[in-house]
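Asks: Can you keep this structure in mind? I'll have questions shortly.
Laboratory data are not the source of any read-out in this text; all were calculated from the coordinates shown. Here the structure is a predicted model, which is why all the values come from computation and not from measurement. Reconstructed Cβ throughout: ideal geometry from the backbone, glycine too, with neighbour counts over all protein chains shown.
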Amino acid sequence: MAESVNQRLVDQYTEIARLAGGLAHEIKNPLSTIRLNMELLAEDFSAEPDNPLHRRALAKVQVVQRECQRLQDLLDDFLNFAKVRRLKLEPASLNQAVRRVLGFFEPKAKQAKIEVIDYLAADLPTVLLDAEAMDGALLNLVLNAQQAMPEGGQLVVRTFPTADGVALELIDTGCGMDEHTLSHIFDAFFSTKPAGSGLGLPTARKIIEAHGGQIVAQSEPGRGTRFTVKFPVPARLPAGPVIQQIPSGSGD
């Protein structure tokens, strides 16, 4: 009975994702036309930079261009959140996944004056991961930490074994969050950032939970934030990849 209910929910989420994705694509088509015409207008008005009328018109065109780009980014994030993925779970090292993401993040960390300190436990048990999906989830968490430290700071990344699996902690020295913000960070479209889509953390949670894991956050204003991600270790590793479907995001 429970399996039937779960399948029905997956089917409902899949249909919602299909409809939402179709709507988003329909929005993207006219948006692309608007962006193209704004680029052409910008070129026309840039031809006479000394003309006051053209300068004022160009400034207005640039505002529209920025808003078009913001809409484009929001649509891309939404499509990434809403789509139904099929995970290819394979035996993998959580440490290796973390090192890949930190390697990608290193140039951004230097530019943002963030010191990354890693304490990755040796000989962690093997877990089942979809490398591409997990890289995206972990990168979302790391970028969230960066945004919480606009003046720079430290990001401590540690892994360790648990009673039934492995865990990852990301601890930043950023601005922290109050209780209201903390209770909504995994809600779709909730964001305290002016240009934020509010989909990064919900997408990360959806991917982590599809791996059988869980994510929790602890934070205090002015004292930083700690994200803890836990993954189970399978009792028996499969001989081949395991295909797992992630339903579309429900916004919870």
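Asks: Go through 88-96, 140-148 and give me the packing order, highest mean Cβ count within 10 Å leading.
Replies: So the peptides 88-96, 140-148, ranked by packing, come out 140-148, 88-96.
Asks: Hey, can you rank 38-46, 122-130 by average C-beta count inside 10 Å, highest first?
Replies: So the peptides 38-46, 122-130, ranked by packing, come out 122-130, 38-46.
Asks: Please give the net charge around VAL64, taking every other residue with its beta carbon less than 11 angstrom from that of VAL64, where Lys and Arg add +1 and Asp and Glu add -1.
Replies: Summing Lys and Arg as +1 and Asp and Glu as -1 gives +2.
Asks: Whole angstrom only: what separates the Cα centroid of segment 102-130 from the Cα centroid of segment 150-199?
Replies: Each part reduced to its Cα centre gives a spacing of 15 Å.
Asks: Search the structure for amide H atoms under 5 Å from the amide H of ASP118, placed 1.01 Å from N in the peptide plane, and list their residues when 5 or more places away or on another chain.
Replies: Long-range HN contacts for ASP118: VAL157.
Asks: How large is ³J(HN,Hα) for each residue in segment 201-217, as worked out from phi by the Karplus curve 6.51 cos²θ - 1.76 cosθ + 1.60 (θ = phi - 60°), to whole Hz, x for Gly and Pro?
Replies: Whole-Hz 3J(HN,Hα) from phi for segment 201-217: 5, x, 5, 4, 5, 4, 5, 4, 5, 5, 7, x, x, 8, 9, 10, 10.
Asks: Roughly how many nanometres apart are two label points built 7 Å out from the Cα toward the Cβ at ASP178 and ILE27?
Replies: Distance between the two pseudo-spin positions: 2.9 nm.
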